[in-house]
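The values are calculated or read from the model by the stated rules, or taken from the named source; none is laboratory data. All of these numbers come straight from a predicted model, not from anything done at the bench. For neighbour counting, all protein chains shown are included, and Cβ atoms are generated from backbone atoms with ideal geometry for every residue, glycine included.
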Amino acid sequence: MSPDAKREDFWEQFDGVSAPDDQEPDRELPTESVRDLLEDELVADRIHGITASRRRGDTIYLVVSRSTTLDVVSDLDIEMPVVDLRTVVVDLEDDNLSVSDNGLWIPAEAEIPETLMKTLARTMSDLKGSTDDDAPPLLNSAVDGLDVELLLDREIAVSEHEVGGQAVDKMRRHTGIDPSRPWGYGAGPPPEIDRVVERLEEAGLNPAEHTTRLVWGKKEPMDRRPRPINELKGNYGIELLPRNKGLIALDVDYPEHFPETELPETFEVSSPHGDDSQRHIILRCDRKHEIADRLGAWAIQGVEWGDLWIGDRYVVGPGSQLSEYGCDNGEHTRGEPGGCAECESETGGYYRIVSDAPIATVEPEDIFALIDESTGYELRDRPVDPDPPELDDVEEEISIESLKEHEDPDGIECDSCGDRRSEDDLKTIEVAGSTRRICRGGCIDDEGSS
Amino acid sequence: MSATVADYPEAVDRITEAHVRPEHTTRADVIAALRRDSGPQITPEVAADLADNILTEERVIEAIDSSGEVPTESEIRAFVDVSDDYDMDDRQGSVEEAIRERVATAEDIDRAVESRRPTDRPMFREDVESGVSEVASSKEIRGADPDDVVSEEAVERGAPRETDFRGAAARTAGSPDDVVSPADLGIGSQTTGVSVIRDTSGNPVVAFGGAGQIDGRPAGEAVAEELGAEYAGSGTEAIESISNDFRTSGTGESVNLTFRGRAVGEVDVR
């Protein structure tokens, strides 16, 4: 099938979506030569030369040398004469000519392009292989009295810099991360992410909705915002999400207490601490809300073997590595220097896949049976608030005292419970022509529920 | 304005206790009960005055409508409480129960919309509409316009209209802005381009199309390998496969268009 036929065949699948070139094919449009268009688009006192540098299909890339002024090629409001080398893209398929942002300007003084020609000539020789690979760069100067070699040897103060939003210098000073892995320095996530993507897709889940960025060298989240894979850098988490269908995780810290329940083989990830029996068991359930209803929350702790997470939690992704600053094992404190031997080692501190099986699907009854066989938690008999308040910290529970702390002594009184709240925390309503206010989200009673 | 019976709480209590049962939760129920059971002192005007002022479903719904938002389950009790000017606890219980059966809550809508979240494709506004419609078929949506509810829920979930999503996917897959030939990469002599879809960071994600062979395999596959991208084949099967693998991620009025986990573009949510 010809490319045109393939293209038409493809567009036919999308009813109601018009192809870009579907408009009035029979109408004859006025034309203009590429030369004229280029002269119109480029603000130039003079065009010195045009070089075709590349062609990709019907797209041609030109490098145009022109004389113009600095205010044309930069944000500076200075009419200084400059010579500008600029890439111009000519698209013969779409009948389009565009001046790109890819350009280089130099002062419009003859000595400068003359000196640059030597640099370009050397560049040409290097590309042709006429020079040795380890030949030092050609140094020359168009500035009187400036020796470029002396300039390169001069020492200047440096400050910490960032690469891709990560403090590279700081990272390099912290021990416990394999320095040969580029992903920790502004590059992408560890290669194990590809396996996670496969398993999530296998389970009918969108990876971009479940992966989140963690702080470099730690297991803390950056912002709990699910991101596409290409926006991850370094350590990453797998978000469970508080939805009716999707992932749940069993955080098995004390495997010796884990019930001998028949769970299907599934995807499991171990932490750097302990052995492989201490791991996160990742499952899928299509009726998670039923579990949340019986638990009264999207996560529970205090089960003798560890934690059960239904949503609103994340699991550290395999391939992530903890530095000494990310270690909280035993007496070590997260954020403080000095971790366990595993995390202080450049070859240790990894979260690893210990069971590379497809994510298995379980029913709520399977989880209820697991809880029934465990000690430390009792399932509720009746459904509770299906919209429980989100916990900012896994370790923290909302206390009545902390709820009362949300009262604003200078705030406005709720006409139902009498608590004083800020205006944003109240809803303003009209009852028979009179204005009244109630707590947004419901009043909190003396037992701490709303 | 002259005083009415509503201005005398003891009278309201006495009359209501004698003639109006807690299960008379609507204004019409109250008026009917007063006319049926009461004596000549309860004129139609008195009955109407009482029905307008004591706690009824209509009074609570008026309050909910004035809030401009769909109520949450926890707020229903507060709405009922502040709508009762006479502290009639028995009436509060029955009116609250009636309101809960009659009026949709934010949780009802959330559950209905979430139950429609598909597993094999992105969620669309049409799914949200279906969820809200289901709720509207059995309960009243009060406090906000149902269309506004759909729009808010769609933005919260990052659910674009299906046509917008398909259009964005078609533009990305049907006319990719990157065509690379084996000759460009120096791995073959073919000049026929291979289409490449790149993520928003510029990294190649998938290559498809091309013509000819290099070292016994399709030229497109060789280009894909050279670029570090997946090879999706060529022809309509490739385009169909690619089209089926687009998803969305994020929430808000503009979400990422993703391909196999990587962001390759954007889709507006409206």
Which numbered condition A:R213 fails, given (1) surrounded by fewer than 18 Cβ atoms within 10 Å (Cβ to Cβ); (2) within 14 Å of chain B (Cβ to nearest Cβ); (3) among the charged types (D, E, K, R)
(1)
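Where in the stretch B:77-158 are there helices (runs of 4 or more DSSP H), lying fully within it, with 1 or more residues that are closer than 30 Å to A:C414 by Cβ and within 10 Å of the chain's Cα centre (by Cα)? Don't jump to the end; show me each part of the working.
Details: elements: B:89-102, B:106-114, B:125-138, B:146-157.
Answer list for the stretch B:77-158: B:106-114, B:125-138, B:146-157.
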Which one of these does A:G306 not meet: (1) on the phi < 0 side of the Ramachandran plot; (2) at pLDDT 80 or above; (3) over 23 Å from the mean Cα position of the chain (by Cα)?
(1)
Matching residues in the stretch B:230-250 - criterion: being more than 9 Å from every other protein chain (Cβ to nearest Cβ) and touching a helix residue (DSSP H, G or I) at 6+ places or on another chain (Cβ under 8 Å)
B:E230, B:Y231, B:A232, B:G233, B:I242, B:F246
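For the stretch B:168-178, what are the residues that are surrounded by fewer than 19 Cβ atoms within 10 Å (Cβ to Cβ) and either polar (S, T, N, Q) or in a helix (DSSP H, G or I) (or both)? Reasoning before the result, please.
Filtering the stretch B:168-178 for residues surrounded by fewer than 19 Cβ atoms within 10 Å (Cβ to Cβ) gives B:171, B:175, B:177-178.
If the condition is that a residue be surrounded by fewer than 19 Cβ atoms within 10 Å (Cβ to Cβ) and either polar (S, T, N, Q) or in a helix (DSSP H, G or I) (or both), then B:R171, B:S175 are the ones that fit.
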Have a look at A:R284, A:R313, A:R334 and point out the one that is touching a residue at least 40 places away in the same chain (Cβ under 8 Å), under 30 Å from the mean Cα position of the chain (by Cα), away from chain B (no Cβ under 14 Å) and buried (at least 18 other Cβ atoms within 10 Å of the Cβ).
A:R313
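Looking at A:D84, A:D94, A:D36, which one is closer than 30 Å to B:T191 by Cβ and not in a helix (DSSP H, G or I)?
Answer to the selection: A:D94.
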Could you list, in sequence order, the residues of the stretch B:221-257 that are of a type in the set (S, T, Y) and either assigned to a loop (DSSP other than H, G, I, E, B) or within 21 Å of the chain's Cα centre (by Cα) (or both)?
B:S234, B:T248, B:S249, B:T251, B:S254
Enumeration of residues in the stretch A:54-84 that are within 36 Å of the chain's Cα centre (by Cα), under 30 Å from B:V194 (Cβ atoms) and not small (G, A, S):
A:R54, A:R55, A:R56, A:D58, A:T59, A:I60, A:Y61, A:L62, A:V63
Do we have A:P318 as buried (at least 20 other Cβ atoms within 10 Å of the Cβ) and either in a loop (DSSP other than H, G, I, E, B) or touching a residue at least 24 places away in the same chain (Cβ under 8 Å) (or both) here?
yes
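From the list B:D110, B:D147, which one is surrounded by fewer than 17 Cβ atoms within 10 Å (Cβ to Cβ), of a type outside the set (A, V, I, L, M) and at negative phi? Quick ask: steps written out before the conclusion?
On the way: B:D110 fails: surrounded by fewer than 17 Cβ atoms within 10 Å (Cβ to Cβ).
Within the list B:D110, B:D147, the selection yields B:D147.
Of the residues that make up the stretch B:51-70, is at least one in a loop (DSSP other than H, G, I, E, B), more than 28 Å from A:C443 (Cβ to Cβ) and either out of contact with any Ser or Thr (no Cβ under 9 Å at 6 or more places or on another chain) or among the hydrophobic types (A, V, I, L, M, F, W, C) (or both)?
Let us first name the residues in the stretch B:51-70 that are in a loop (DSSP other than H, G, I, E, B), namely B:54-56, B:68-70.
Still in the list and also more than 28 Å from A:C443 (Cβ to Cβ): none.
No, the stretch B:51-70 contains no residue that is in a loop (DSSP other than H, G, I, E, B), more than 28 Å from A:C443 (Cβ to Cβ) and either out of contact with any Ser or Thr (no Cβ under 9 Å at 6 or more places or on another chain) or among the hydrophobic types (A, V, I, L, M, F, W, C) (or both).
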Return yes when B:D52 is within 14 Å of another protein chain (Cβ to nearest Cβ), charged (D, E, K, R) and either in contact with a strand residue (DSSP E or B) (Cβ under 8 Å, 6 or more places away or on another chain) or free of Cβ contacts under 8 Å to residues at least 24 places away in the same chain (or both) and no when it is not.
no
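Results for (1) out of contact with any Leu (no Cβ under 9 Å at 6 or more places or on another chain); (2) at pLDDT 85 or above, shown as yes or no for each residue.
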{"position": "A:T115", "(1), (2)": "yes, yes"}
{"position": "A:T119", "(1), (2)": "no, yes"}
{"position": "A:E155", "(1), (2)": "yes, no"}
{"position": "A:V168", "(1), (2)": "yes, no"}
{"position": "A:Y185", "(1), (2)": "yes, no"}
{"position": "A:W216", "(1), (2)": "yes, no"}
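For every residue, the table says whether it meets (1) free of Cβ contacts under 8 Å to residues at least 60 places away in the same chain; (2) surrounded by fewer than 17 Cβ atoms within 10 Å (Cβ to Cβ).
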{"residue": "B:P9", "(1), (2)": "no, yes"}
{"residue": "B:V12", "(1), (2)": "no, no"}
{"residue": "B:I15", "(1), (2)": "yes, no"}
{"residue": "B:I42", "(1), (2)": "yes, no"}
{"residue": "B:T56", "(1), (2)": "yes, no"}
{"residue": "B:Q92", "(1), (2)": "yes, no"}
{"residue": "B:E96", "(1), (2)": "yes, no"}
{"residue": "B:I99", "(1), (2)": "yes, no"}
Could you list, in sequence order, the residues of the stretch A:58-81 that are within 30 Å of B:T192 (Cα to Cα) and buried (at least 16 other Cβ atoms within 10 Å of the Cβ)?
A:T59, A:I60, A:Y61, A:L62, A:V63, A:V64
Name the single residue that is farthest from the other protein chains (Cβ to nearest Cβ) among those in the stretch B:179-199 being buried (at least 19 other Cβ atoms within 10 Å of the Cβ) and assigned to a loop (DSSP other than H, G, I, E, B).
B:G188
Top-ranked residue in the stretch B:74-107 [being touching a helix residue (DSSP H, G or I) at 6+ places or on another chain (Cβ under 6 Å) and among the acidic types (D, E); ranked as farthest from A:A432 (Cα to Cα)]
B:E107
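Quick check on my filter: what residues within the stretch A:85-109 are of a type in the set (D, E, K, R) and under 34 Å from the mean Cα position of the chain (by Cα)? Talk me through it step by step, then tell me what you get.
Applying the first criterion (of a type in the set (D, E, K, R)) to the stretch A:85-109 yields A:86, A:91, A:93-95, A:101, A:109.
Matches in the stretch A:85-109: A:R86, A:D91, A:D94, A:D101.
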Could you tell me whether the stretch A:378-400 includes any residue that is within 26 Å of A:D276 (Cβ to Cβ), out of contact with any helix residue (DSSP H, G or I) (no Cβ under 8 Å at 6 or more places or on another chain) and at pLDDT below 50?
yes
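Can you find a residue that is of a type outside the set (G, A, S) and in a helix (DSSP H, G or I) anywhere in the stretch B:200-220? Give the derivation first.
Within the stretch B:200-220, the first condition is being of a type outside the set (G, A, S), and the residues that meet it are B:200, B:203-206, B:208, B:213-215, B:217-218.
Cutting the leftovers down to in a helix (DSSP H, G or I) gives us none.
Looking through the stretch B:200-220, none of the residues is of a type outside the set (G, A, S) and in a helix (DSSP H, G or I).
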When you check B:F124 against the structure, is it in contact (Cβ under 8 Å) with a residue 12 or more places away in the chain, buried (at least 22 other Cβ atoms within 10 Å of the Cβ) and within 30 Å of B:V223 (Cα to Cα), yes or no?
no
All but one of (1) of a type in the set (S, T, N, Q); (2) within 12 Å of another protein chain (Cβ to nearest Cβ); (3) under 30 Å from B:P71 (Cα atoms) hold for B:S151, so report the exception by its number.
(2)
For A:T361, indicate whether it is exposed (fewer than 12 other Cβ atoms within 10 Å of the Cβ) and modelled with pLDDT of 80 or more.
no
Do we have A:E201 as touching a residue at least 40 places away in the same chain (Cβ under 8 Å) and of a type in the set (D, E) here?
no
Kindly evaluate A:V252 against the criterion of being at pLDDT 90 or above and surrounded by fewer than 24 Cβ atoms within 10 Å (Cβ to Cβ).
yes
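Considering the stretch A:185-204 alone, what residues qualify as being touching a Lys or Arg at 6+ places or on another chain (Cβ under 9 Å), crowded, with 18+ Cβ neighbours inside 10 Å and over 10 Å from A:I229 (Cβ atoms)?
Residues of the stretch A:185-204 that are touching a Lys or Arg at 6+ places or on another chain (Cβ under 9 Å), as a first pass: A:185-190, A:192, A:197, A:201, A:203-204.
Now drop any that are not crowded, with 18+ Cβ neighbours inside 10 Å, which leaves A:185, A:188-190, A:192, A:197, A:203.
Listed by number, the residues that qualify are A:Y185, A:P190, A:E192, A:A203.
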